[in-house]
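Novice: A single structure is presented below for examination.
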Amino acid sequence: MSWGRLYEGEPIRPPAEAGSAILQLTVGCPYASCTFCGAYQGVAFRVRGPAEFREHAAAVARVGPGDGRRVFFADGDSLVLPTARLLEAIALTREVLPTARRFSAYAGAAGLLAKSEAELRALKEAGLNTLYLGLESGSEEILRQCGKYCTAAAMVEAVRRAQAAGLRVSVMVLLGLGGVDDSREHAWATAAALNAMQPRLLSVLTLMLVPGTPLAEDARAGRFRLPGPAGMLVELRDLVAALALERTVFTANHASSWLPLEGALPRDRDRLLATIDAALAGALPLMPDVLRGL
Ligand code: SF4
């Protein structure tokens, strides 16, 4: 089987899952509502049934098992599946890839909040390890405007419950989502939500307008103004300055970043701020636009 025939559409995974076997437990995104998002465009969401999933997992195990230990369940929000279906998917994966140890997936608030603490612990014990959750913004108004399917308050609660059950949550936020007008509100509200979540991992991405998305159309029509590199750096500085995280790995080194950064918070907070200040003063080069990507 060719690589292209293994998946429906383009499998998307977080950069940290580069070494994982990518198993498409779901196809598409159950929400498909975010105005900035170009992922899974035109793909009708569906869940692979057990027989189809086992066949798919067996094919991936033969052709692209990654490091053999880590498995990432694509596409969007596998945690909307009932716990029994997730445990079954982990068991089926182990049948065809017996060395698999750690399972990760994208997750949203609704699926997590629908599960009891005992269910979350059962998933953890079965091998579920890291969940990637897109907070995007801590501002309820910005989330509403960008079509996010849930509130920041629900995502805070979902992350707290998942981490209390022993799961690692990697939270993604999106610089620029408030536009020029709401940049500061976006940074402060996002920091407040993150402080309430205390995620183990925080990944700061930078908004890039994807042609064909509603937000790109808003920008073209003048209804949304994307901050430029300096505006993004000021927003990043506002965000980092307002963070009160106790034990978080911080990364802003996604391909979309103007200024790749990483560190541990709170230990590296002053260094991160000094680096941003140096870039704002022109003492550090920014990533050339042609090298940026999603
Ligand atoms: S950002 Fe995530 S939740 Fe929103 S439409 Fe895209 S894949 Fe779905």
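The values are calculated or read from the model by the stated rules, or taken from the named source; none is laboratory data. Quick caveat: nothing in here was measured; it's all calculated off a predicted structure. Please note: Cβ atoms are built from the backbone with ideal geometry, for glycine as well, and neighbour counts cover all protein chains shown. These area figures cover heavy atoms from the full protein model, side chains too; ligands, DNA and RNA do not enter into them. Shrake-Rupley method; radii C 1.70, N 1.55, O 1.52, S 1.80 Å.
Novice: In deg cm²/dmol, rounded to 500, what helix-only [θ] at 222 nm does the chain give when every DSSP H run of at least 4 residues adds -39500 (n - 2.57) and the total is split over its residues? Don't skip to the end; give the middle numbers.
Specialist: On the way: 11 runs with 114 residues, N = 294.
Mean residue ellipticity at 222 nm (helix-derived): -11500 deg cm²/dmol.
Novice: Would you kindly find the accessible area of Asp238, with a 1.4 Å probe and non-protein molecules such as ligands, DNA and RNA excluded, rounding to the nearest 10 Å²?
Specialist: For Asp238, solvent-accessible area is about 20 Å².
Novice: Could you tell me which of Ala118, Gly138, Gly108 has its Cα farthest along the dipole of the stretch 107-243 towards the positive end, charges placed at Cβ (Lys, Arg +1; Asp, Glu -1), taken about the Cα centre?
Specialist: Projecting each Cα onto the dipole axis, the largest value belongs to Ala118.
Novice: Continuing with the same structure: Arrange the residues Thr26, Thr35, Thr151 by how much accessible surface each exposes, largest first, with a 1.4 angstrom probe.
Specialist: Values: Thr26 0, Thr35 25, Thr151 65 Å².
Result, largest first: Thr151, Thr35, Thr26.
Novice: For the stretch 61-156, max minus min Cα coordinate along each principal axis, in Å, sorted largest first?
Specialist: The Cα atoms of the stretch 61-156 stretch 46, 30, 16 Å along the principal axes, largest first.
Novice: If N is the number of residues in the chain, what value comes out of its Cα radius of gyration divided by 2.2 N^0.38 Å? Intermediate values should be presented prior to the final figure.
Specialist: Numbers: Rg = 19.1 Å, N = 294, 2.2 N^0.38 = 19.1 Å.
Compared with the compact-globule rule of thumb, the chain sits at 1.00.
Novice: Another one. So, with +1 on the Cβ of K and R and -1 on the Cβ of D and E, and no other charges, what is the size of the charge dipole of the chain about its Cα centre, to the nearest 20 debye? All intermediate terms of the calculation are to be shown ahead of the outcome.
Specialist: Details: 31 positive and 30 negative charges, 160 e Å.
It comes to approximately 760 debye.
Novice: Let me ask something else. Determine the dipole magnitude for the stretch 15-116: charges of +1 sit on the beta-carbon of Lys and Arg, -1 on that of Asp and Glu, nothing else is charged, the reference point is the Cα centre, and the result goes in debye to the nearest 20. Walk me through the intermediate numbers first.
Specialist: Values: 11 positive and 8 negative charges, 49 e Å.
Charge dipole, the stretch 15-116, about its Cα centre: 240 debye, nearest 20.
Novice: So, one more: Going by the alpha-carbon gyration tensor, a ≥ b ≥ c the square roots of its eigenvalues, is the stretch 3-54 rounded (a/c under 1.5) or, if a/c is not under 1.5, prolate (a/b greater than b/c) versus oblate?
Specialist: Working: a/c = 1.93, a/b = 1.20, b/c = 1.60.
In terms of gyration-tensor shape, oblate.
Novice: What longest range of the chain stays clear of loop-exposed trypsin sites (Lys or Arg not before Pro) (DSSP non-H/G/I/E/B, at most 16 other C-beta within 10 angstrom)?
Specialist: Details: sites that count: Arg69, Arg101, Arg223, Arg225, Arg247, Arg267, Arg292.
Between the exposed loop sites, the longest stretch runs 102-222.
Novice: Determine, for each peptide in 250-258, 105-113, the mean count of other beta carbons within 10 angstrom over its residues, then list the peptides with the highest first. Write out the running numbers ahead of the final one.
Specialist: Values: 250-258: 19.6, 105-113: 23.0.
Put in order of decreasing packing, that is 105-113, 250-258.
Novice: Next question, about the same structure. Determine the percent antiparallel among the DSSP beta bridges restricted to the stretch 14-283, to the nearest 5. Each step should come with its number before you reach the end.
Specialist: Numbers: 6 of 33 bridges.
Once the DSSP bridges in the stretch 14-283 are tallied, antiparallel ones form about 20 percent.
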